[in-house]
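See below for the structure under consideration.
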Amino acid sequence: MMPLRRALVGLGCALQLLATQGLAQASAAELGAEAAAIPIIDAHFHVMMWIDAPSLVEHMDRNHISMAGGVGGGSLPTIVALGERFIRPTGMGAWLGLHRKLDAADFENPETPAVRSALAMIEADLRDRGARVIGEIHVNALTTTQEPANRFKTPADSATLKAIFALAGQHGRPLNVHAQWDTDTVQQLERLADSFPSARLVLAHCGSNSTAGDVREMFERHANVCCDLSARGSPPLRGRTVIFSEAGLDPRWQRLIEDYPDRFVVGIDTVHDWQEYDGVVRAIRRGLLAHLSPETARRVASGNAEEWFGLR
């Protein structure tokens with residue numbers, strides 16, 4: 001074999017290995033050290049009961065995270081103390097409460113008195129109390145949540161959820177839904193997206209167990225569907241497949257994110273101690289942002305969240 005040919009074959013093998021391992025070093029070189037300090041808006045963060053405000057602020061500052069929240073649940077004193085750095089959500093508690101106390105027919109009917117009351121509360125939060133997003137709304141979390149009470153499946157295109165999505169659209173705020181990638185759920189999500197095309201539908205955890213090809217097809221059909229990438233780093237959480245780790249980014253997802261740079265945000269989601277919190281941030285910076293082009297990385301890190309939540 002000629003030396004040049006051997007060199008070319010060797011280069012091809014190296015590139016194939018690079019893709020197989022999910023690394024995208026060329027893009028990492030483009031962003032370089034900037035990924036370590038690029039400002040982040042944490043668009044999917046549950047303020048757990050163990051989290052106190054001084055410690056959270058300290059870790060946010062250390063990790064260059066300007067704001068966090070976007071989903072319900074957690075320690076109210078810490079949320080209040082976080083002040084304007086908290087992205088206020090609405091609807092998650094009401095949704096889960098309705099599911100616990102109503103049968104399926106009443107839960108899926110927006111004219112049920114309890115549902116009407118919840119819709120009025122959500123609208124008041126959006127209109128009068130500074131809520132920036134509706135969510136996280138669980139529609140299918142049978143195998144993709146650590147919380148047993150949330151492991152249920154309900155139609156993602158029910159009249160109740162369409163009414164909630166309409167409120168999101170009317171007030172210019174996103175709706176964040178937790179929906180794993182079952183065929184029937186995906187079809188229902190598409191009908192939900194079509195019900196109010198000008199409203200933004202955010203897939204929590206980007207569908208949890210979806211592939212890049214799955215999400216690409218959804219994006220191609222629905223301009224109003226977006227993703228948060230929380231809980232898609234490593235180690236994998238219950239039922240969710242990994243997109244990135246500190247070692248790198250799956251090249252199929254890298255291409256998708258670069259093709260749709262305005263459709264993704266990042267999130268830390270649920271953590272159980274500060275070591276885990278810092279590790280998730282490292283994976284976001286080293287395994288995701290460092291492997292995107294600089295402009296895409298800035299959008300995914302904070303620019304899209306600023307736009308979606310009206311933070312600018």
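Rule-based calculations on the coordinates, nothing more; no lab input. Owing to the predicted nature of the structure, the values given are computational and were not obtained by experimental measurement. Heads up, the Cβs are rebuilt from the backbone with ideal geometry, glycines too, and the neighbour counts pull from every protein chain shown.
Observations
- Checked across segment 185-195, the condition of being in contact with a Cys (Cβ under 7 Å, 6 or more places away or on another chain) and either free of Cβ contacts under 8 Å to residues at least 60 places away in the same chain or surrounded by fewer than 23 Cβ atoms within 10 Å (Cβ to Cβ) (or both) holds for no residue.
- Positions within segment 61-82 being assigned to a loop (DSSP other than H, G, I, E, B) and either of a type in the set (Val, Ile, Thr) or at positive phi (or both), in sequence order: His64
- Qualifying residue in segment 45-61 (condition: closer than 20 Å to Ala231 by Cβ, of a type in the set (Gly, Ala, Ser) and either touching a residue at least 40 places away in the same chain (Cβ under 8 Å) or crowded, with 16+ Cβ neighbours inside 10 Å (or both)): no
- Residue tally, condition hydrophobic (A, V, I, L, M, F, W, C) and free of Cβ contacts under 8 Å to residues at least 24 places away in the same chain, over segment 265-299: 0
- Within the option set Arg200, Arg191, being closer than 20 Å to Pro89 by Cβ and charged (D, E, K, R) holds for one residue only, Arg200.
- Scope segment 204-214; condition surrounded by fewer than 23 Cβ atoms within 10 Å (Cβ to Cβ) and of a type outside the set (D, E, K, R); matching residues: Asn209, Thr211, Ala212, Gly213
- Checking each residue in segment 220-235 for being of a type outside the set (Lys, Arg) and either under 16 Å from Arg282 (Cβ atoms) or touching a helix residue (DSSP H, G or I) at 6+ places or on another chain (Cβ under 8 Å) (or both) picks out His222, Asn224, Val225, Cys226, Cys227, Asp228, Leu229, Ser230, Ala231, Gly233, Ser234, Pro235.
- Annotation: of all residues in segment 192-220 being in a helix (DSSP H, G or I) and aliphatic (A, V, I, L, M), the one that is farthest from Gly135 (Cα to Cα) is Ala212.
- Residue pairs meeting the criteria (Cβ under 8 Å; at least 6 apart or on separate chains; first more than 27 Å from Phe309 (Cα to Cα), in segment 134-151; second assigned to a helix (DSSP H, G or I)): Ala149/Leu96; Ala149/Arg100
- Across segment 229-265, the qualifying residues are those that are of a type in the set (D, E, K, R) and part of a loop (DSSP other than H, G, I, E, B), and the one among them that is nearest to Phe219 (Cα to Cα) is Arg263.
Here is a yes/no grid of residues against (1) assigned to a helix (DSSP H, G or I); (2) touching a His at 6+ places or on another chain (Cβ under 6 Å):
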| residue | (1), (2) |
| --- | --- |
| Gly267 | no, yes |
| Gly279 | yes, no |
| Ala283 | yes, no |
| Leu289 | yes, no |
| Ala297 | yes, no |
| Ala305 | yes, no |
| Arg312 | no, no |
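- No other residue among Asp228, Asp262 is surrounded by fewer than 19 Cβ atoms within 10 Å (Cβ to Cβ) and either of a type in the set (Phe, Trp, Tyr) or closer than 18 Å to Ile40 by Cα (or both) apart from Asp262.
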